[in-house]
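Inspection log for the structure reproduced underneath, given as structure tokens.
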Amino acid sequence: MISKQLLLTYLYLLIYICLSSGVILYNKWVLSPKHFKFPFPITLTMIHMGFSGVVAFILVRVFKVVAPVKMTFQIYATCVIPISAFFASSLWFGNTAYLHISVAFIQMLKALMPVATFLMAVTCGTDKLRCDVFLNMVLVSVGVAISSYGEINFNVIGTAYQVTGIFAEALRLVLTQVLLQKKGLNLNPVTSLYYIAPCSFLFLFVPWYVLEKPGMEISQIQFNFWIFFSNALCALALNFSIFLVIGRTGAVTIRVAGVLKDWILIALSTIIFPESTITGLNIIGYAIALCGVVMYNYLKVRDVRASNQLPTESIPERATKEWKLDKKSDLYSDSGNNGRNIASDAGVTASDSFSVDEEAPLLQASRVPGLKST
């Protein structure tokens, strides 16, 4: 039984890595002017949001797989709407970056995610400025700077879009902690996209109408239903694979899987898209950034464990608490990819692969004690 459970866990991890990498490469292929030639990232994101909202509505209202929470107008206006706005912004900017820079370089830039989240958390008062964490952030920033300097096809516009999307996602994560979780709202992946996907769709409609609709009317775009349907379906499947992985693995396993996925994705992107090449400086800079990310993760997990352990605990009790803590850390951690919300430590990683961005346009589970489902 133990062997079967381990095999099942590794199978879930493999499915997650394949789906996460596949969705990123799929989005790049669809948006790339050299391949499918659909240069409308907002439209693609709206398709994801619309599909997610429809599936969530069917699961909640028709099949009643999960029950909706007690959502009041005040909570929706003060919590869901601002979170959805930054969620839509992060997806918009992140997908637009695919038009200008390579997948490999985008993954390297995502190492800035913990830096952005730490800065947003300190600004919003959910975290304190500490010397050791600040030094890790400097190390990550230096690594990303070296990697950017070594990028052959460096593009200012694409880099600006990606960095802006990272900071929008970081602010969304902090707002999720400050606004949503403190109200005791109990959301799972289905109810999260049930409430937030339609709102994000509406936020994306305005820039789509202004920026992309005129271009779509004059350009010869061949709309392939199966391409866009399969793309949205893969993104939806990725979100549920994240949910399965979170339920079966610990913090360390998820972080290792995230780092492994990043390196696999960088290697695959150079094979599938020959126009994107990586240099020695790219690799060195990214390795330096990952060292800072790993050290940052270690500090945050250590702090959370120290704050949650009591000296009077027995060894079995302590082991049980550490196991639960790993689960909680996984649930609220963000990955620079895919990856990927914040727990009390307000920490995310660039390699957890559980951030909610262009490769996973849905929300993670957010289990907070308090409000019960109806």
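Descriptive notes on the structure:
- Under the condition of being in a helix (DSSP H, G or I) and either of a type outside the set (A, V, I, L, M) or surrounded by fewer than 21 Cβ atoms within 10 Å (Cβ to Cβ) (or both), the residues counted in the stretch 181-211 number 21.
- Selection count where residues are buried (at least 18 other Cβ atoms within 10 Å of the Cβ) and in a helix (DSSP H, G or I), scope the stretch 260-293: 13
- Residue in the stretch 63-80 that is closer than 20 Å to A235 by Cβ and modelled with pLDDT under 95 present: yes
- A search for C-beta distances below 8 Å between a residue of the stretch 194-222 that is of a type in the set (V, I, T) and any residue that is assigned to a helix (DSSP H, G or I), counting only pairs 6+ apart in sequence or on different chains, returns I196/V80; I196/I83; I196/S84; I196/F87.
- Yes/no for V163 being of a type in the set (V, I, T), modelled with pLDDT of 80 or more, open to solvent by 20 Å² or more (accessible area, probe 1.4 Å) and within 25 Å of I266 (Cβ to Cβ): yes
- Considering (1) surrounded by fewer than 16 Cβ atoms within 10 Å (Cβ to Cβ); (2) modelled with pLDDT of 85 or more; (3) under 30 Å from F243 (Cβ atoms), the lone condition that K324 does not fulfil carries the number (2).
- Among the residues making up the stretch 1-35, those that are open to solvent by 50 Å² or more (accessible area, probe 1.4 Å) and outside any helix (DSSP H, G or I) are M1, P33, K34, H35.
- Remark: pairs (first residue in the stretch 97-115, closer than 14 Å to K28 by Cβ; second residue basic (K, R) and not in a loop (DSSP other than H, G, I, E, B); Cβ separation under 7 Å; 6+ apart in sequence or on different chains) = Y98/K28; V103/K28.
Conditions (1) hydrophobic (A, V, I, L, M, F, W, C); (2) surrounded by fewer than 23 Cβ atoms within 10 Å (Cβ to Cβ), marked per residue:
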site: T45; (1), (2): no, no
site: V55; (1), (2): yes, yes
site: V69; (1), (2): yes, yes
site: V80; (1), (2): yes, yes
site: S90; (1), (2): no, no
site: G94; (1), (2): no, no
site: A111; (1), (2): yes, no
site: L135; (1), (2): yes, yes
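The values are calculated or read from the model by the stated rules, or taken from the named source; none is laboratory data. What you are looking at is a predicted structure, and each value in this text was computed from that prediction instead of being measured. A quick note on method: Cβ atoms are made from the backbone with ideal geometry, for glycine too, and the neighbour counts reach across all protein chains shown. Quick note on the areas: whole protein, heavy atoms, side chains included, nothing else; ligands and nucleic acids left out. Shrake-Rupley method; radii C 1.70, N 1.55, O 1.52, S 1.80 Å.
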